[in-house]
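Novice: The following block contains the structure, expressed as structure tokens.
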Amino acid sequence: MSNTAIVKDFIAAWEAQDLDRVMGFFTDDAVYHNIPMPVLNGVADIRKTIAGFIGMGEKLVFETHHIAEASGGVVMTERTDKFLMNGQWLELPVMGVFEIKDGKIAKWRDYFDLGQFQTQVAAISSQKVAE
């Protein structure tokens with residue numbers, strides 16, 4: 001299986017909101033850096049963070065606009081990550097980089113605007129309170 005196919009399957013696991021399946025894609029010593037958040041080392045810390053994201057929304061969609069694999073096996077994605085929260089979609093542009101080792105994700109970096117994320121969460125939350 002190509003590294004691109006691995007990343008596509010990983011995204012499908014997210015969209016299925018299947019935490020165990022998502023975690024099965026990582027090496028034991030994986031590193032996840034959801035930039036600008038702190039770096040997470042190892043599957044235990046990564047699992048806690050991903051569980052929070054999966055539990056945050058009623059539905060998740062990672063719309064992949066572009067995906068490319070370098071000759072060394074690194075996969076890059078340009079995505080819009082969408083979270084259905086309280087009946088409203090939070091949409092976040094994301095650039096992701098996946099380093100694959102022996103068929104598993106060894107390093108994953110996502111680049112996004114934290115302020116944009118926080119503003120949308122606050123707006124969605126305030127609308128729920130107002131209802």
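Novice: With only Lys, Arg, Asp and Glu charged, each at its Cβ (+1 for the first two, -1 for the last two), find how big the charge dipole of the chain is about the Cα centre; round to the nearest 20 debye. Kindly include the intermediate steps, with their values, before the conclusion.
Specialist: Working: 12 positive and 18 negative charges, 21 e Å.
Dipole magnitude for the chain comes out near 100 debye.
Novice: Taking other Cβ within 10 Å of each residue's Cβ, how do W108, W89 sort, fewest first? Before the final figure, lay out the partial values.
Specialist: On the way: W108 22, W89 14.
In increasing order of surrounding Cβ atoms, one gets W89, W108.
Novice: Additional query: State the number of lysine pairs found in the chain whose Cα atoms come within less than 30 Å, restricting to pairs 8 or more positions apart or on distinct chains.
Specialist: Total qualifying Lys-Lys pairs in the chain comes to 21.
Novice: Could I ask something else about it? Please list, in chain and number order, the residues 5+ apart from K107 or on another chain whose amide H is under 5 Å from its amide H, with Hs placed from the backbone.
Specialist: HN-HN under 5 Å from K107: V31, E99.
Novice: Taking the Cα atoms only, what angle lies between the long axis of helix 114-130 and the longest principal axis of the chain, rounded to 10 degrees?
Specialist: 40
Novice: So how tilted is helix 3-15 from the main axis of the chain? Cα-based, degrees 0 to 90, rounded to 10.
Specialist: Orientation of helix 3-15: about 30 degrees from the principal axis.
Novice: For a footprinting-style exposure proxy, rank L90, L114, L84 by other Cβ within 10 Å, fewest first.
Specialist: Placing the least packed residue first, the sequence is L114, L84, L90.
Novice: In addition: Distance between Cα centroids, region 106-120 to region 37-76: provide it in whole Å.
Specialist: Rounded to whole Å, the Cα centres lie 10 Å apart.
Novice: Taking every DSSP beta bridge that has both residues in the chain, what percent is antiparallel when rounded to the nearest 5?
Specialist: So the antiparallel bridges amount to about 85 percent of the total.
Novice: Per DSSP H run of n ≥ 4, the term is -39500 (n - 2.57); total these for the chain, divide by its residue number, and report the mean residue ellipticity at 222 nm rounded to 500 deg cm²/dmol.
Specialist: My calculation for the chain gives -11500 deg cm²/dmol from helical runs alone.
Read-outs throughout are calculated quantities, based only on the coordinates presented, and are distinct from any laboratory measurement. Predicted model, so just to flag it, every value in this text is computed and none were measured. With ideal geometry, Cβ positions are generated from the backbone for all residues, glycine too; neighbour counts draw on all protein chains shown.
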